[in-house]
Amino acid sequence: MSEPIKVPTLAELQAQGESPEIVFWVGCAGSFDERYKKVTATLCKILHKVGIKFAVLGTEENCTGDPARRAGNEFLFQMQAISNIETLNMYGVKKIVTACPHCFNTLKNEYPDLGGNYEVIHHTQLLQELIDSGKLRIKEGGPFKGKRLTYHDSCYLGRANDVYEAPRQVIESLDADLVEMKRSRRFGLCCGAGGAQMFKEPEEGKKDINIERIEEALETQPEAVVANCPFCLVMLTDGVKNKEKEDSIKVYDLAELVWMSQE
Amino acid sequence: MSYLPQILFVLCLSIAGFFIYKRVNFIRKAILLGKKKSVNDRKSERLRHMLLLAFGQKKMFDKPLVGVMHFIIYAGFLIINIEVLEIVLDGITGAHRLFAPYLGEAYSWLINLFELFAVGVIVTCVIFLIRRNVLKLPRFWSAEMKKWPRLDANLILIFEITLMWFFLSMNAADSILQSRGVEHYVQVGSFWFSQWLQPLFANMQTSSLVFYERFAWWFHILGILGFAIYITYSKHLHIALAFPNTYFASLEPKGKIPNMDEVTKEVKIALGLAQADDSPAPERFGAKDVTDLNWIQLMNAFSCTECGRCTANCPANITGKKLSPRKIMMDTRDRAEEFVRQLEQGKAIEEIKSEKSLYGDYITKEEIMACTTCNACVEACPVSINPLSIILDIRRYVAMEAGDTPNEWNVVFNNLETSMSPWKFPPTDRFNWVELVNKD
């Protein structure tokens, strides 16, 4: 057993007079959602493995305000945003990685208007960089070699920010057989959780959006469905359960696939 | 030689010009009901965006076959306008085929090209009519596409077919008259496509032929003038507004929601980061009526040709919810028109606003709350219309003015205020996930 991984907070680093290369913005789902906490931990393991000096905010992190803004409560959004910006600026943060596309979008596109200017990347982009540069090596004949995987574009990474290729390149690098759903990339169908829908019952209709999406995913006959967003992960997992396929089809975050496949 | 036809023609031209002017002015007023927003940044990027999307119709080719067909109608429209210029000049001067002597050989080629496009337009319009009325594409038959919107679409196609038919049959009759050596009909020969129509007219007497040729000429040009007026009342307005609409569209990443600076000021005061000053608070947060939207959002509404690509891609709509982004645009346009009509009847703005509003009377809460902000509608629109920005502005009104957000969201707001997370977990537990890092 190797030495335990230490996840430092910005406060701890600052006390030692140090600063990280990159700040890992965990997000509320990454902090509290049982399933996504595992993704958070996995990403820490990857960062540790490749030797990137990173830190988290720990209890100093607040919600970015994304759901408040999208539910129309601009006051609440700005309260959250401005207090987060105060914290980030106090620590002189330059670069942020996050595993949540909603946080990614808000930090990258919306915080600059309120005085928060950072280089923000999504974890799928970081994973692609690490694999491309050879810092993270993927096993020959890893667990996903030749497996049929379908990739779900989250709206906030895809359409909202035009990141379509980085996650796909990562999947390709696992030697997996990437099978696209009928609606993908620019036309990818939402999982149903965006715009604060995650937190309320949907309006009346014929069907839930995640069921529509999972049916489309199942048409590709995948062995696993790959997501890049905590909300998509919940919605798609629920969809698979609804179709009683949870034993044969797993829903993963991209970081988990990479961790299982690395040398 | 009688000048009567020329006088009549100029009169028709002026009347059409007058009606178009009046109607354009009306639309201009409707768009300017919106709040001011100045856009004069990134000019070359905007120009490029406009050239790609409006002039080059880039997004229409997301569906390649339809893209090609639409391009034929569009190119036909642009190119046949050169012919219309000749027709107008002929009408004013009393000449016939005014350009022929100047262009020589090239003239026939030009007319042949026009005819090629005319045939292309007819074929395409027939296919489009079949798609709408026989194949019944779902996006042309959804809830908001009843009565006028459905009729409007069919009328436009029938109009275009009729105009092209009279153009082609006019040329056929003209060619026969030339071959009979009738005075006034300049010798330019037969044309590629209309020559196949000549048998229809071959047995007619010269006088009847002249009558038909003149009738077709008048019908073609009056039809075009009539169509030009019609367009200003129709969804077909996109042929003009697609250009400014794509030019003024947001160039920011689609996920970015514009900041409300008026809120920033108040939040900074509340957090003790800024001093209160005397500048007045904004009249309203978010949008309840068209006057709360900005002019670009209202121009969006008038640019919409109701193609329904937004609605066909909307996850809420696909799964049977009431929300249809196209309806949001149609409602916004209808309300803006209604608003100007009432203004013109002499009603005061406050009175108009108190009687009805966009949110409530046109757009319901159920529609607004069903949106996942996924941007599928924005991505799908060939002319950069943004239904999401209107939906969000109305949500802002619902949350900050009406205080009418769904209860589950009020809980989220509460949690955010007290626990800094949408879920009610103690903030001190936020870092507990770290225990998992060294497990297994």
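The values are calculated or read from the model by the stated rules, or taken from the named source; none is laboratory data. Note that this is a predicted model, so its numbers are computed, not measured. Heads up, the Cβs are rebuilt from the backbone with ideal geometry, glycines too, and the neighbour counts pull from every protein chain shown. These area figures cover heavy atoms from the full protein model, side chains too; ligands, DNA and RNA do not enter into them. Shrake-Rupley method; radii C 1.70, N 1.55, O 1.52, S 1.80 Å.
Data table
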| read-out | value |
| --- | --- |
| Lone qualifier among B:283, B:306 - being open to solvent by 30 Å² or more (accessible area, probe 1.4 Å) and within 25 Å of residue B:364 (Cβ to Cβ) | B:283 |
| Residue, nearest to the chain's Cα centre (by Cα), within segment A:67-99, restricted to residues that are away from chain B (no Cβ under 12 Å) and either closer than 22 Å to residue A:197 by Cα or open to solvent by less than 10 Å² (accessible area, probe 1.4 Å) (or both) | A:98 |
| Some residue of segment B:224-236 being among the hydroxyl-bearing types (Ser, Thr, Tyr), farther than 30 Å from residue A:101 by Cβ and open to solvent by 60 Å² or more (accessible area, probe 1.4 Å) | yes |
| Subset of segment B:391-437 (residues that are within 7 Å of another protein chain (Cβ to nearest Cβ) and closer than 20 Å to residue A:35 by Cβ) | B:412, B:421, B:422, B:423, B:425, B:430, B:431, B:433, B:434, B:436, B:437 |
| Total residues in segment B:376-424, condition more than 17 Å from the chain's Cα centre (by Cα), crowded, with 20+ Cβ neighbours inside 10 Å and in a loop (DSSP other than H, G, I, E, B) | 4 |
| Qualifying residue in segment B:347-363 (condition: closer than 18 Å to residue B:401 by Cβ, within 14 Å of chain A (Cβ to nearest Cβ) and aliphatic (A, V, I, L, M)) | yes |
| Index of the failed condition, residue B:114 passing every other in (1) hydrophobic (A, V, I, L, M, F, W, C); (2) in a helix (DSSP H, G or I); (3) open to solvent by 50 Å² or more (accessible area, probe 1.4 Å) | (3) |
| Only listed residue being in contact with a Gly (Cβ under 9 Å, 6 or more places away or on another chain) and at positive phi, chosen from A:27, A:72 | A:72 |
| Selection count where residues are more than 20 Å from residue B:94 (Cα to Cα), surrounded by fewer than 19 Cβ atoms within 10 Å (Cβ to Cβ) and not hydroxyl-bearing (Ser, Thr, Tyr), scope segment B:165-192 | 4 |
| The listed residue being under 30 Å from residue B:137 (Cβ atoms), in a helix (DSSP H, G or I) and either under 24 Å from the mean Cα position of the chain (by Cα) or not polar (S, T, N, Q) (or both), out of B:269, B:296 | B:296 |
| Count - residues of segment B:324-336 that are closer than 20 Å to residue A:203 by Cα and in contact with a Cys (Cβ under 6 Å, 6 or more places away or on another chain) | 2 |
| Strands (runs of 3 or more DSSP E) wholly inside segment A:146-263 containing at least 2 residues that are open to solvent by 20 Å² or more (accessible area, probe 1.4 Å) | A:250-253 |
| Residue satisfying all of: in segment B:238-265; open to solvent by less than 70 Å² (accessible area, probe 1.4 Å) and without any contact (Cβ under 8 Å) to a residue 12 or more places away in the chain; farthest from the other protein chains (Cβ to nearest Cβ) among these | B:240 |
| Residue in segment B:219-266 that is farthest from the chain's Cα centre (by Cα), counting only those that are of a type in the set (Phe, Trp, Tyr) and more than 27 Å from residue A:160 (Cβ to Cβ) | B:219 |
| Of the criteria (1) buried (at least 23 other Cβ atoms within 10 Å of the Cβ); (2) part of a loop (DSSP other than H, G, I, E, B), which one residue A:128 fails | (2) |
| Top-ranked residue of segment B:26-42 - restricted to ones that are out of contact with any Ser or Thr (no Cβ under 9 Å at 6 or more places or on another chain) and at pLDDT 95 or above, ranked as most open to solvent (accessible area, probe 1.4 Å) | B:28 |
| Filter result (open to solvent by 100 Å² or more (accessible area, probe 1.4 Å) and without any contact (Cβ under 8 Å) to a residue 40 or more places away in the chain) within segment B:137-155 | B:146, B:147, B:148 |
| Residue in segment B:272-287 that is modelled with the highest pLDDT, counting only those that are within 8 Å of chain A (Cβ to nearest Cβ) and more than 15 Å from residue A:115 (Cα to Cα) | B:286 |
| Close pairs (7 angstrom Cβ cut-off, 6 or more residues apart or separate chains): in contact (Cβ under 8 Å) with a residue 60 or more places away in the chain in segment B:10-35, among the polar types (S, T, N, Q) and part of a helix (DSSP H, G or I) anywhere | B:33/B:291; B:34/B:297 |
| Subset of segment A:31-53 [more than 7 Å from chain B (Cβ to nearest Cβ) and open to solvent by less than 10 Å² (accessible area, probe 1.4 Å)] | A:36, A:39, A:43, A:46, A:47 |
| Residue in segment B:85-95 that is touching a Lys or Arg at 6+ places or on another chain (Cβ under 6 Å) and either of a type in the set (A, V, I, L, M, F, W, C) or assigned by the TED database to the domain that holds residue B:168 (or both) present | no |
| Filter result for the condition that a residue is part of a helix (DSSP H, G or I), among the aromatic types (Phe, Trp, Tyr) and open to solvent by 80 Å² or more (accessible area, probe 1.4 Å), over B:21, B:74 | B:21 |
